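Asker: The structure under discussion is supplied below as structure tokens; questions concerning it will follow.
The values are calculated or read from the model by the stated rules, or taken from the named source; none is laboratory data. Every value quoted in this text rests on a predicted model; they were computed, and no experiment measured them. Heads up, the Cβs are rebuilt from the backbone with ideal geometry, glycines too, and the neighbour counts pull from every protein chain shown.
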């Protein structure tokens, strides 16, 4: 009688236990969970939450992106041009959301550049009207 060892392997690729700002991952987004113009399907997401938050949570704040050529024809005020795995794309600031790390498919696809991340952060500040908040805060001091 021969003894065989059967190794169990997951059909899913490995996932990170912690993510870092600027990293890009593929996120699984179910059509059942979206409505209207919310981003559907599996798509790249850029981690924008700080390392401290990512370290202790099993979720992270992400700005979804697209590399679909038809979507790149026009860049709207709250979108940022980015390069993801050598492809032109755009980060969609209005599609910022918190996702569980369990939605990540595979390992990191790389990072956006520091310049791209700065622009993403500036657009987040504008989209959330945080510039006005900071201005008022300075007036109080």
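Asker: Which members of segment 102-126 meet the condition of being touching a strand residue (DSSP E or B) at 6+ places or on another chain (Cβ under 9 Å), at pLDDT 90 or above and assigned to a helix (DSSP H, G or I)?
Answerer: 116, 117, 119, 120, 122, 123, 124, 126 - these are the residues of segment 102-126 that are touching a strand residue (DSSP E or B) at 6+ places or on another chain (Cβ under 9 Å), at pLDDT 90 or above and assigned to a helix (DSSP H, G or I).
Asker: I need the full set of residues from segment 93-136 which are surrounded by 14 or more Cβ atoms within 10 Å (Cβ to Cβ), farther than 26 Å from residue 14 by Cα and under 15 Å from the mean Cα position of the chain (by Cα), in order please.
Answerer: 93, 94, 116, 119, 120, 121, 123, 124
Asker: Right, here's the next one. Residues being in a loop (DSSP other than H, G, I, E, B) and within 12 Å of residue 113 (Cα to Cα): count how many of those fall in segment 74-85.
Answerer: Number satisfying all stated conditions: 1.
Asker: Moving to a separate point now. Using beta carbons and a limit of 7 Å, which pairs, at least six apart or on different chains, have the first residue in segment 111-130 and farther than 13 Å from residue 47 by Cα and the second one exposed (fewer than 14 other Cβ atoms within 10 Å of the Cβ)?
Answerer: Filtered contacts from segment 111-130: 125/131.
Asker: Quick one: count up the residues across segment 23-56 that are touching a helix residue (DSSP H, G or I) at 6+ places or on another chain (Cβ under 8 Å) and modelled with pLDDT under 90.
Answerer: Number of matching residues: 4.
Asker: Next question. Can you tell me which residue within segment 46-73, out of those that are touching a strand residue (DSSP E or B) at 6+ places or on another chain (Cβ under 7 Å) and part of a loop (DSSP other than H, G, I, E, B), is surrounded by the fewest Cβ atoms within 10 Å (Cβ to Cβ)?
Answerer: Within segment 46-73, the match that is surrounded by the fewest Cβ atoms within 10 Å (Cβ to Cβ) is 58.
Asker: Now for a separate question. Please tell me if residue 97 is closer than 23 Å to residue 16 by Cα, assigned to a loop (DSSP other than H, G, I, E, B) and without any contact (Cβ under 8 Å) to a residue 40 or more places away in the chain. Explain how you work it out, then say what you get.
Answerer: Values: closer than 23 Å to residue 16 by Cα: yes; assigned to a loop (DSSP other than H, G, I, E, B): no; without any contact (Cβ under 8 Å) to a residue 40 or more places away in the chain: yes.
No; evaluated as a whole, the condition is false for this residue.
Asker: Another question about this same structure. Going by what's in this entry, would residue 20 be described as at pLDDT 90 or above, in contact with a strand residue (DSSP E or B) (Cβ under 7 Å, 6 or more places away or on another chain) and either over 14 Å from residue 111 (Cβ atoms) or not in a strand (DSSP E or B) (or both)?
Answerer: Answer is yes for this residue.
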